[in-house]
Amino acid sequence: MEYNNLLLSITDRIALVTINRPKALNAINEELMSELGSLFMEDLPKQDIAGVIITGSGEKAFIAGADITQFPSLDKAGGSEKSRKGHNVFNAIENFHKPVIAAINGFSLGGGNELAMACHMRIAAENARFGQPEVNLGLVPGYGGTQRLTQLVGKAKSMELNLTGDMIKADEAHRIGLVNQVVGVGESVEAARAILQKIATKGPLAVSKAIALVNASVDPKQDGFELEIEYFGECMGSDQCKEGVTAFLEKRKAEFK
Ligand code: CO8
């Protein structure tokens, strides 16, 4: 598929998705949201990949939020409709069967930070800045930010960030558990790639089930404990587990297909 607002390259089974609207600090407009939906719901599921990295074009911003220029034309119904569309796309990213890592360079704000939080892990460059500034516009986050930020950092910090609209630096984001790792400027994509390469050596079925189970732990609609019992059995009965266990007993590296 052709994309106008993002770049896609696949190297060594790792997909690199670059949000590419640098003049607007990679703000998410309607077309970009549709492209992300097509990418994660139609295109990437057909590819033989071990994981996905999402980053922003240029050093200044990962994504500075939803594109504010489209807001004046929205009313109550239009706002909810756009919010729902974003929820569907970000849910598809969160539930993607392969690991998705956000490599965050610069501003990660509003809807951009919500995209980062829908990813399975976040690697921040030292120049990254995080915030939910929607209150400055008289809005609340509309792509799952109030929920995912609370899941990641707890209610007190989530309240503080969502109510003040303040930005925090990368080291503070790391301290409160919003990001997994802080690296030098320009190094976040390679750091994310290193994590995905490590995960690529593990049992692929187990990796995809672990993603689903960790997600289930924060989804009140699912019984994560029951699901773990089911998926544990599924993994135990798989050829991949046979290979992993046999390799351990034979004192060699497992080779998962
Ligand atoms: N939307 C559109 N354009 C933007 C955005 C944005 N979110 N952010 C920056 N830009 C544009 C600027 O307008 C500017 O364009 P131009 O050069 O044509 O004037 C260009 O990017 C560069 O930005 P600045 O000149 O402002 O750069 P600074 O270094 O001075 O400031 C900031 C950088 C602090 C990041 C500043 O640009 C800023 O505050 N941006 C807005 C951040 C924000 O409020 N984000 C939240 C948006 S709301 C949201 O995300 C809601 C999500 C849910 C939506 C649900 C349904 C629609």
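Given Cα pairs under 8 Å that are at least 6 residues apart, what percent is the relative contact order of the chain? Normalised by residue count, the contact order of the chain is 16 percent. As a rough footprinting exposure proxy, the listed residues 139, 109 were ranked by other beta carbons within 10 Å of their own, and the order from fewest upward is 139, 109.
In this calculation the C-beta distance from residue 234 to residue 151 is compared with R0 = 35 Å, giving a FRET efficiency of 0.85. Between residue 198 and residue 1, the modelled labels are 3.2 nm apart [label points 7 Å from Cα along Cα→Cβ]. Counting neighbouring Cβ atoms within 10 Å and putting the fewest first, the residues 178, 227, 7, 44 line up as 7, 227, 44, 178. For residue 46 and residue 166, a Förster radius of 51 Å and the Cβ-Cβ distance give a FRET efficiency of 0.80, rounded to the nearest 0.05.
Just checking the listed ones, 34, 108, 238: in the Gaussian network model of the chain with Cα springs under 10 Å, the one fluctuating most is 238. About its Cα centre, the chain has a charge dipole of approximately 420 debye under the convention of +1 per Lys or Arg Cβ and -1 per Asp or Glu Cβ, with nothing else charged. Using the Cβ-Cβ distance between residue 225 and residue 253 with R0 = 30 Å, the FRET efficiency computed as 1/(1 + (r/R0)^6) comes to roughly 0.40.
Quick one: helix 224-236 against the long Cα principal axis of the chain, what's the angle to the nearest 10°, folded into 0 to 90? Taking the Cα atoms of the chain, the angle to 224-236 is about 40 degrees. Counting only residues at least eight positions apart within a chain, or on another chain, the lysines with an alpha carbon under 19 Å from that of residue 85 are 76.
Computed over the chain with a Gaussian network model linking Cα atoms closer than 10 Å, the most mobile of 45, 99, 133 is 45.
Sorted fewest first by neighbouring Cβ atoms within 10 angstrom, 130, 232, 40 come out as 232, 40, 130.
One quarter of the convex hull surface, Cα atoms only: what value does that give for the range 139-257 in nm²?
It is 10.4 nm².
Excluding same-chain neighbours fewer than eight residues apart, the lysines reachable from residue 251 by a Cα-Cα span under 22 Å are 198, 202, 242.
Only aspartates and glutamates eight or more places from residue 209 in sequence, or on another chain, were considered; those with a Cα closer than 20 Å are 48, 94, 219, 223, 226, 228, 230, 234, 239, 243, 255.
Once the gyration tensor of the Cα atoms in the range 6-199 is diagonalised, the equivalent ellipsoid follows with semi-axes of 24, 20, 15 Å, ordered largest first. Which stretch or stretches of the range 203-218 have amide N atoms under 14 Å from the point lying 7 Å from residue 91's Cα along the Cα→Cβ direction? In the range 203-218, the label zone of residue 91 (backbone N under 14 Å from the point 7 Å along Cα→Cβ) covers 216.
Taken together, the values in this text are just the output of simple stated rules run on the coordinates, not laboratory data. Computed from a predicted model, the values in this text were never measured in an experiment. FYI the Cβ positions are ideal-geometry reconstructions off the backbone, even for glycines, and counts take in every protein chain you see.
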